Amino acid sequence: MSTNLSKAIDTRQWTGMVRLMLTATLILAAAMISFRPAAARGAPESFADLAEKLSPAVVNISTVQTLPARTGRRMPNLPEGMPFGDLWDQFRDRMEEDEEPRQAQSLGSGFIIDASGIVITNNHVVEDADEITVINADGDEFPAKLLGRDALSDLAVLKIEGENGEPFPFVKWGDSDKERIGDWVMAIGNPFGLSSTVTAGIVSARNRSINTNDVEFIQTDASINRGNSGGPLFNMDGDVIGVNTAIFSPSGGNVGIGFAIPSNDAARVARELQEHGKVRRGWLGVGIQPMTKEIAESLGIDQDEGAMVTRVEPDSPAAKGGIQDGDIVVKWDGKEVENSNRLSLLVKRTDIGKPVDVIVIRKGKRVTLKVTTGELPAELAQLNPEADQDGDGRPDAGQGDRQLIEGMELAPLNDGLRRQYEIDENINGVIVLRVARGTPAARVRIRPGTVILGVNQRDVTNPTEVTEIIDAAREAGRDRILVLVNYRGNTVHIPLKLINEDDEQGPGEE
C-alpha cells in the first residue's frame, strides 16, 4: 500500500511540473509575439493575385516625334585637274544633300489613376512628342491628350477617352511615407517594349537625391529597365507608392539599383498639373546654407543640423513672417529640418498660401514663427541650382545685368565670375549662370559656367546683345541660332533651337 501511495504522489508531482512547464512555454510564446514588430511582413507566397489585379491599369506609352531636317555638310571644291575629281564631286554632292524631316518613335510606361482615363507617366517619355498613344494590356490603343508636364519632377499627366464613355480600370495612390527600407514592392511596366512585365524586390533605400533638388527618390532592387519609365511601383496592398523613373547602370541594363518618385510627391504634382496645367511650388525667399559643427561651435550652440539663413529677400514670405539673417531653421510645419536641401524640399511641397509654424534658433534660443508660403516664380522653379551655393534660387555672383534668355540666365563676365568658374582672362563674352531644365539649351548640354562668345557669328559681351540677335533671327523667320561657346577651355559651335514664344508658362513647360 505504501508503494501505491508513493506512486500516486509521484504522479501528482509530475503532472504539476508538466502543467508548470506548459504554462511557462505559453507565456514565453506570448511574450515573443508581443515583441514582434507590428508592421513586419513575411515574404509573399506569390505575387500572382496582385499582378493579375493591377496589370489592367498599367499601360504602354507610345510617342512619335518629328525631327527637323538636318542640313548636309558643306564640302570644299578640288582644284581643276586634280586626280579622281569626278569621284570627289559625287562624294561631295551626297554629303551636301539636305535630309528630309524624319520621325522617331519611343516607348515608355504609365498607369491609369482614375476611371475617367487620367494617366500618369514621366515627362521624359512624352517630352517633344507630336503624337502620344496609350496602349492597354489588351492591346487597345487610345490617342492621348497632354494635360500638363513638369520637367523638374519629371512627371506628366495624360487624358484618354474610353469607348462610349466606359470607365477604365485604375489603381490608387498609396502613402509613400509609410514605406520602410526592406518592405516588399512590385513593379509593372513595359521594359524593351515587353508589355505587362512584372518584377519584384524590396525598398532598398529612401530619400535618395540623384539628379534634381526637387525629389528624394525611393531606391529599389525590383528590376527596372529601359521602357519601365513612368510605370508604377506597388506595395503589397496594391497601392502605387512610386513612379519608376531612373536606373543606375554602367552597362545600360538592370543592376539592382532603380529609382522611383515617391507617390506623395507624384500625387501632388499630378494634382497641380490637372488643376493648373503647371506645378506651383512653395517659396520662402531666403538664402540658406547647411549647418556644420564648426558653425555651431563658433555660435556656442549644440545644434549642428538645420538650415542657416544667409539672406532674407525684401517683401518675401520669410520677411513678412519675421525670419532674420542668421536664424537657424530646425523645424518646418512639424517636420525636422536636417539640412538646407531638406528645407528647400519641404518649402516647395507646402501648399501656396498655407500658414506654417517655423522653429528657428536665434541667438541660442528657440523661437516659433508663423510663415505663410508664397509661390515660387516660374523662372526660379526651372533653373538648374548648380551655380547657386546658398539655395535661394539666385546665383551667388554676377548680380549686374542679368537676363533670362531662352531658358538661360545670362550675365556679363566680371572678375568674380572669372574666379568662380576659372575662366581665362583672354576669354570674353556672356556667362551662363543657370539653365532651365527641359529647354533646348539644356538638351544641347549648355551648363552653368559656359561662356557664350558669339551668336550667329557676331561677338557678344552682354545679355542685351544676345537678345537683339535672337530677336532679329525670329523676325527673319528662323527658329534656330548658331551659338559659339567656350566651356572649360573648349570652344565649339552649337545650333540652338529657339523656344516657342507662345509658351506662356515659362521655359521648359507646356
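The values are calculated or read from the model by the stated rules, or taken from the named source; none is laboratory data. Only a predicted model underlies this, so the values are computations on that prediction, with no experimental measurement involved. Ideal geometry is used to build each Cβ from the backbone, glycine not excepted, and the neighbour counts take in all protein chains shown.
Quick notes on this structure:
- Residue in segment 245-252 that is aromatic (Phe, Trp, Tyr) and surrounded by 18 or more Cβ atoms within 10 Å (Cβ to Cβ) present: no
- Residues that are among the acidic types (Asp, Glu), surrounded by fewer than 23 Cβ atoms within 10 Å (Cβ to Cβ) and within 12 Å of the chain's Cα centre (by Cα) within segment 193-244 comprise just one, GLU216.
- Residues being under 25 Å from ASN414 (Cβ atoms) and part of a loop (DSSP other than H, G, I, E, B) - total across segment 458-491: 5
- For segment 320-332, filtering for residues that are modelled with pLDDT of 90 or more and either aromatic (Phe, Trp, Tyr) or assigned to a loop (DSSP other than H, G, I, E, B) (or both) leaves 5.
- Of the helices (runs of 4 or more DSSP H) lying entirely inside segment 39-153, those carrying at least 2 residues that are modelled with pLDDT of 85 or more and more than 23 Å from the chain's Cα centre (by Cα) are 48-54.
- For segment 137-152, the count of residues that are charged (D, E, K, R), buried (at least 16 other Cβ atoms within 10 Å of the Cβ) and out of contact with any helix residue (DSSP H, G or I) (no Cβ under 7 Å at 6 or more places or on another chain) is zero.
- Members of segment 354-399 that are within 16 Å of LEU343 (Cβ to Cβ), assigned to a loop (DSSP other than H, G, I, E, B) and either at pLDDT 90 or above or touching a Leu at 6+ places or on another chain (Cβ under 7 Å) (or both): LYS354, THR373, GLY393
- Number of positions in segment 359-371 that are in contact with a helix residue (DSSP H, G or I) (Cβ under 7 Å, 6 or more places away or on another chain) and among the aliphatic types (A, V, I, L, M): 2
- Segment 271-319, subset assigned to a loop (DSSP other than H, G, I, E, B) and acidic (Asp, Glu), residue surrounded by the most Cβ atoms within 10 Å (Cβ to Cβ): GLU313
- Residue in segment 331-347 that is more than 30 Å from VAL203 (Cα to Cα) and touching a residue at least 12 places away in the same chain (Cβ under 8 Å) present: no
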